[in-house]
Amino acid sequence: MTRHAKGLSARFTTAALASVATFAIVTFASPAANALPLDFSAAGADPAAILDTVNAFRAALGDNNGNLAGSQGAGRREINWDGGGAAAPAAVFGIPMTTFAFRGNVYTTPGTGFEISGQPTPEFGDINAGYPDQFQPFSNTRLFAPLGANVMDVHFTIPGTTDEQALTKGFGVVFTDVDLVATTSIEFFDIFGASLGLVYAEAFDKGLSFLGRIFDDAVVARARITTGNAIFGLDDGFFDSGFVDVVAMDDFIYGEPLLPVPEPALAGLFGVAVIGTLIRRRAKTAA
C-alpha cells in the first residue's frame, strides 16, 4: 500500500471513530441488516444486452441525486466518466483519487494511479494499440481503470468530503471485455473491514458485463474491485488471450452514501463507548 493510501486509511479511521460505534449499535439493533443481499448480474454483446438489469438496479436504489452536496438520505449516485464528452483527452490521476468525492467516492489502489480514457486514442489506445478492439463503452465514450494493478478500492464518503466516511446499501459496476469466469469481482466490506461477501462478473468476450449487489440497509463502507487477472500494459504477445484477461470499467452506480444514525434508546450506550475509548487512549498516551 502506498504512503498516500495509508494516510487515507488513517484519516478514515480517525474521522469514523464515532461512526464505528454507532454502526455497531445500528447493526445489532436492526435484524434487517443481516438479511441476504440481492445480486444483479448480466452480460452481452452490447449496452442493450445489459440495460434492463442496470435499470432494475437503479430503480431498486432510487432516484439519481446527481451532484447534490451532502448526504441526501436516500436514492443513488452514478459516475460514468464521460465529463468533457468524446473530445476530452485521456487523463491520469494519482492516489488517492478524490476527483469524484463530490459524489461520495474516493479511490485507492496498490498500483500507480488511475486513468480515464480519451483522445487522441480512446479506449486506452495510448496504453496498448490493441485495447480499442477489446473494449467498448456502456455510456458515451470514456472508460476507467487502475494503473499498475488490477485491484482498486472504492471508499464511500459523505458527498463533498474526502474523509468523512459513509455507508451505502449497494454498489454496481459495468465491466467491459470480461473473458474469464471467476476473475473479475467486487468484494464488499463493512466499516470494521470485515467482508460482506464477494461476487463475480459474468464473462462475455469483447462485450459488457454488469455486476451489483444491494443490501437491506446501508452497511457497505468500502468495495474492492478486481478487474480480470492482469494489469494494463504493452502488448507482450498475450495481452488479452488464453488465460490472460485485461478488463476495463464504465459506469459506477451506488446507493446514496449515508452516515449511520444510532437508535435513540441506545444513544447513551454509544456515548459511554466513545468516552471509554478516548479515556483508554489518553491513559495509554500518558503512560
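Just a few scattered comments:
- Taking a sphere under 13 Å around the Cβ of G44 and counting the other residues whose Cβ falls inside, with K and R at +1 and D and E at -1, yields a net charge of -4.
- The phi torsions of segment 44-60, fed into the Karplus equation with coefficients 6.51, -1.76 and 1.60 and a -60° offset, translate into couplings of x, 6, 8, x, 4, 5, 10, 4, 4, 5, 4, 5, 5, 5, 4, 4, 5 Hz, rounded to whole numbers, with Gly and Pro shown as x.
- Peptides 225-232, 170-177, 56-63 ordered by packing proxy, namely the average of other Cβ atoms within 10 Å per residue, highest first: 170-177, 225-232, 56-63.
- A crude spin-label estimate for the pair D46 and A91, with each label 7 Å from Cα along the Cβ direction, gives 2.9 nm.
- Around the amide H of L147, modelled in the peptide plane, lie the amide H atoms of T112, G113, F114, E115, all under 5 Å away and 5 or more residues distant in sequence or on another chain.
- Per residue, the convex hull volume that the Cα atoms of segment 36-180 enclose (Å³): 131 Å³
Laboratory data are not the source of any read-out in this text; all were calculated from the coordinates shown. Keep in mind it's a predicted model, so treat the numbers as computed, not measured. Backbone-built Cβ (ideal geometry, glycine too); neighbour counts: all protein chains shown.
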